[in-house]
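Laboratory data are not the source of any read-out in this text; all were calculated from the coordinates shown. Keep in mind the model is a prediction, meaning the values are calculated, not measured. Here the Cβ positions follow ideal geometry from the backbone for every residue, glycine too, while neighbour counts run over all protein chains shown.
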Amino acid sequence: MTGMADLPRPFFQRLGFRLAVAFGLALLPFGIVSSLQSRSLQKEAQARSEAALLGQTMLAIAPEANLMRSAWTTTAALAIGQRYSLVADDADCSLIMQRVIEAAEGRYSFAAFVPASGLATCTSNGKVLDLTQSERVRANRADPRPDAVVIVNGAASGTSVLAFGHPVFDLEGGYLGYISVSVPHAVLTSFAASTVPGQMTRQPIALMTFDKAGNILASSTGLTDAPLALPGDRPLVDLAVERAWTFRAVSKNGDSRIYTVFPVIENTIFAIGSWSGVASAGPLGLRISPYLFPVLMWLVSLLVAVLAAERLITRHIRVLRTSIIAFASGNHRVRDIDIPNAAVEIRDVTESYLKLADTILRDEAELEDIIHQREVLLREVHHRVKNNLQLIASIMNMQARQSTSVEARTLLKSVQDRVMSLATIHRGLYQTSGLTDVRADELLSDILRQVLKISTGPGRRFNVVSQFDDLHLTPDQAVPLSLLLTEALTNAIKYAGTRDSGSPLLEVSLRRDGHGKAKLTVRNEVRAIRNPAETLNGTGLGTQLLAAFAQQLGAKLSTGIEGGLYKLQVEFGIRALSEAEHGNATDQGEDVMDAPAQIASGDP
């Protein structure tokens, strides 16, 4: 019989898996809280890091910003002086411009007043500068305002400069021209580079300034390479806002960077610093998700809990389970279960199981002894009954030999045959292999052989054809069936005959008929001189016994002539073997033994 332990179990039904799920769910809230705290701490650290980067950017660009503010202020001051005509002579004006350049100590390369006509006669180098075709002059005439423009090849210096301009108006507000002060890009870059290293521990990748229109004014990496360090997803003009701020973006050359932006000159010039994205990395300079450490902590805690459950519970349960399954499968060799360091509850369960198994084994041994004794006793009973019946048959045989009456000898012979038939039945019962069931094929074959041995002699032979299915019957069915077959064989042999000189045909079979039924069939040839009506309507003792045994068997009895053969057929239902185990066989067996009394009273 296949038990539940023999069936494959899904992995999710195992104790270890369910404990892991339970521990995982129990630890999950702590993992979630830890993840949220880690995320909050990372945001705070990120904000601090960005603030620090913004401060470092301001510090890095401070020299350059101060230089720009100085040039911007100088330009505005000169524009005010020119407005009030503090210097009316071009020579004196040029002298003032020259002194401004000298006072700057190399930070400025050129200064001039450019009139609205574009022909500048007030210059720091004393030369006349013709800018009548300059786009800057035309732009200032059209929209006079302070500006800062990049001039790749300055007309006066011949180098790349950042030119600061401020419009000049007369007292009535009329446009007169603009003051221009040029700062060489080489000075901006070198000045910033010479002051940054001593003030910072880490420098940005690129520092640059730009105006409100998005034009780059100066860059630490050079004007040519400067665009590559800018964000690739937003134009520079969108970054010109009147506040300091920080954001992350991918540069045009594909690097992930942090950008810091702040105004240098209000609403005019802005600075931007480009930093490596490693500034947002975690410990050891690695980019780590804020949820990674909480998840790892959760997994480690889960692993520790599962290992603890494995050591304290699961492994002991597996040992106990293996022993129980082996015992349930029929291996009754119960050994001591080694579960050191197990919890008290598990040890108690183990001890209870061992006691229960020992009790079961003792009870089974006692039951086996009782069954064996009962089997031996029952076999002995059947054996003694068989011997007693044979003894009675022998006495009747001796009595028949001494009788002088033919009728008495015939009657004694008939009774002797039936007694021997009963002895044969009991012989088959005590030789059968079980107590609750009888092999019908073995029993009926033995009865057929014994009846033929008793009823035939050297001058009387039969052509016997038999076929018995391996049916298992309860004793209360086997006994009346055996008696019925014995009586049927006795009648068949008594009235059998043949039309020629050959041996009479005798067919005996017991076959399954489906739906829990069986059929016993006895067919024999009859003598040609015999009246069939006598066979069909006989009222002798044999006919009464057949009817009584069929009634005890709960069978349907039918007789008749078929194809020149006399046929007796009994159809009955096969009872469940469990009926014999519940004691039904004893009660119904007594009914079978009452058959002679019923026949004697005339109530078959």
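For region 82-155, which GluC sites (Glu not before Pro) are both in a DSSP coil and crowded by at most 15 other Cβ atoms within 10 Å? Don't jump to the answer; show the numbers that get you there.
Numbers: sites: Glu102, Glu105, Glu135; in loops: Glu105.
Passing sites in region 82-155 are Glu105.
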field: Neighbour cut-off at most 11 other Cβ (10 Å), DSSP loop, trypsin sites (Lys or Arg not before Pro), region 226-258
entry: Arg243
message: I'd like the chymotrypsin sites (Phe, Trp or Tyr not before Pro) in region 60-125 restricted to DSSP loop residues with at most 11 other Cβ atoms within 10 Å, sorted by number.
response: Tyr84
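Taking the beta-carbon count within 10 Å as an exposure proxy, list His472, His515, His185 from fewest neighbours to most.
Numbers: His472 16, His515 7, His185 21.
Exposure proxy ranking, most exposed first: His515, His472, His185.
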Reach of Lys453 by Cα under 13 Å, taken over aspartates and glutamates that are not fewer than 8 positions away in the same chain: Asp417
Average Cα contact separation per residue, region 8-290, under 8 Å, 6 or more apart, as relative contact order %: 16
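If you take the square roots of the eigenvalues of the alpha-carbon gyration tensor of region 9-61 and sort them as a ≥ b ≥ c, do you get rounded (a/c under 1.5), prolate (a/b over b/c) or oblate? Working shown, then result.
Values: a/c = 10.39, a/b = 4.66, b/c = 2.23.
Prolate, since a/c reaches 1.5 and a/b exceeds b/c.
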